[in-house]
Amino acid sequence: MRAAFISVVVAALHALAGCAEIAAQDAAKEAHANFAKCVAAYRATPENQLIAARLWMGDGTDSAAKLVDPNPLTPAERNALVQQHSLALQCRQIITAHDDKYAPWRVAAFEDYFQRSNEIFDKLASGELPVGLANRLSVESNGKLQADLSGGRPDAVYGEEAKQQRAAEAMLLASTQMAAYMPKANATNCAWLDNTLNCTRLR
């Protein structure tokens, strides 16, 4: 009788665990769909259209030319970027709210990524960074996010996102070689120090 009771309890626990897993999967699908809608909405704005030709979008449409653009954003582009940033913050909340509840281990990775994104945004919006350098830093930051989410397992991040990142990193390598032959006078050089940009001006 006792053995039968334990079996029933174990079966019930397995059923509950299965229900919780299904609920988490459904929540993840819903969060992903809501995030995709949010991103699509702000990328359809005139402001995004203005800056998309120069800034790294990470959607498979970027070219290597974006990685060697030596100029900062124009005042109009900087204004558009500032307007876009407030919309991007709204989309971030969808990820944060989901992960806080269902995948808390991912929160730190996204918080670090958002901090790096803010660093790039601040320097782009102020005109301190040339666009090509900002785009290269974005590609590096995206790669760091994927590595953090994968827990060191390369196969943990898969699908289109991983494919696009591999293509971006190949372009990044080629652009670094191209940049070596470009004029260095008054160039800005930046590198990640944890999640903070450490920038120097070459003279």
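Laboratory data are not the source of any read-out in this text; all were calculated from the coordinates shown. Quantities reported herein were computed from a predicted structural model and do not represent experimental measurements. As a convention, Cβ positions derive from the backbone with ideal geometry for all residues, glycine included, and neighbour counts pool all protein chains shown.
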Amide proton proximity set for THR188, modelled H, under 5 Å, gap of 5+
LEU202
Is any residue of region 109-131 close enough, with backbone N under 20 Å, to a label point placed 7 angstrom from the Cα of ASP194 along the Cα-Cβ axis, and if so, which?
109-123
Once phi is turned into ³J(HN,Hα) by the Karplus curve 6.51 cos²θ - 1.76 cosθ + 1.60 with θ = phi - 60°, what whole-Hz value does each residue of region 82-99 show in order, with x for glycine and proline?
4, 5, 5, 4, 5, 6, 4, 4, 5, 5, 4, 4, 5, 5, 4, 4, 5, 5
Note, region 114-121: 3J(HN,Hα) by Karplus (6.51, -1.76, 1.60, θ = phi - 60°), whole Hz, Gly/Pro = x, goes 5, 4, 4, 4, 5, 4, 5, 4
